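Notes for the one structure printed next.
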Amino acid sequence: MIKAILIFNNHGKPRFVRFYQYFAEDMQQQIIRETFHLVSKRDDNICNFLEGGSLIGGSDYKLIYRHYATLYFVFCVDSSESELGILDLIQVFVETLDKCFENVCELDLIFHVDKVHYILQQVVMGGMVLETNMNEIVAQVELQNRMEKSEGGLSAAPARAMSAVKNMNLPEIPRNINIGDINIKVPNLSPF
């Protein structure tokens, strides 16, 4: 099972963090620092698997990572996960991000964190792998993008409400509204 997904830059600044096991905020920060320290000191031609640090479970857990340009993608997993399977999953995740953002970079992860979370939820949910087919993941992301565009987002809601009221073609402004036993007098809202 996947316990955490950490993405940080070459300087150790976290750019995306997702824990699937509860840790207090200060413990999460310590785990990120320890994980960066363990992964960053390794040479690029060394194996991409290592035992989890003392904070993330020691020998019961594994850190599986890939280093792309300025970013480290680290998956913290328990001993039941396949190292090669997780390496492949990291590759699928990064290639999906690359397709969705057209050459993903560190700034995409910072400014589009909601979209990155959505993409990750298509791949992993609750620490379990859901989908590894990149085309299927990209299709779901594109569907979500189309839905967001068709709805116009929340910022367009007041304008849509005003146009709906204008299109009601009321002959005149009602002065009295009667609903059963309730009688409401509408004040004159005219500026004249």
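Calculated FRET efficiency, Leu107 and Asn135, Cβ-Cβ r, R0 25 Å, to nearest 0.05?
After rounding, the FRET efficiency stands at 0.45.
Starting from the stretch 35-129, pick out the trypsin sites (Lys or Arg not before Pro) whose DSSP state is loop and whose Cβ has at most 11 other Cβ atoms within 10 Å.
Answer by residue number: Lys41.
Please tell me which of these pairs span more than 32 angstrom C-alpha to C-alpha: Lys62/Lys115; Lys3/Lys149; Lys62/Lys149?
Result: Lys3/Lys149; Lys62/Lys149 exceed 32 Å.
Leaving ligands and nucleic acids out of the surface, order Asp26, Asp181 by accessible area at 1.4 Å, largest first.
Putting Asp26, Asp181 in descending order of accessible area: Asp181, Asp26.
Can you tell me how much longer the chain between His67 and Asp114 gets when fully stretched, taken as 0.36 nm per residue apart minus their C-alpha distance, in nm with one decimal?
14.7 nm
Keeping all protein chains in the complex and leaving out DNA, RNA and ligands, what accessible area do you get for Tyr61 with a 1.4 Å probe, in Å² to the nearest 10?
My reading of the accessible area for Tyr61 is about 40 Å².
The values are calculated or read from the model by the stated rules, or taken from the named source; none is laboratory data. Note that this is a predicted model, so its numbers are computed, not measured. Cβ coordinates were reconstructed from backbone atoms using ideal geometry, including for glycine residues, and neighbour counts include every protein chain displayed. Just so you know, the surface numbers come from the protein's heavy atoms only, side chains and all, with ligands and any DNA or RNA stripped out. Shrake-Rupley method; radii C 1.70, N 1.55, O 1.52, S 1.80 Å.
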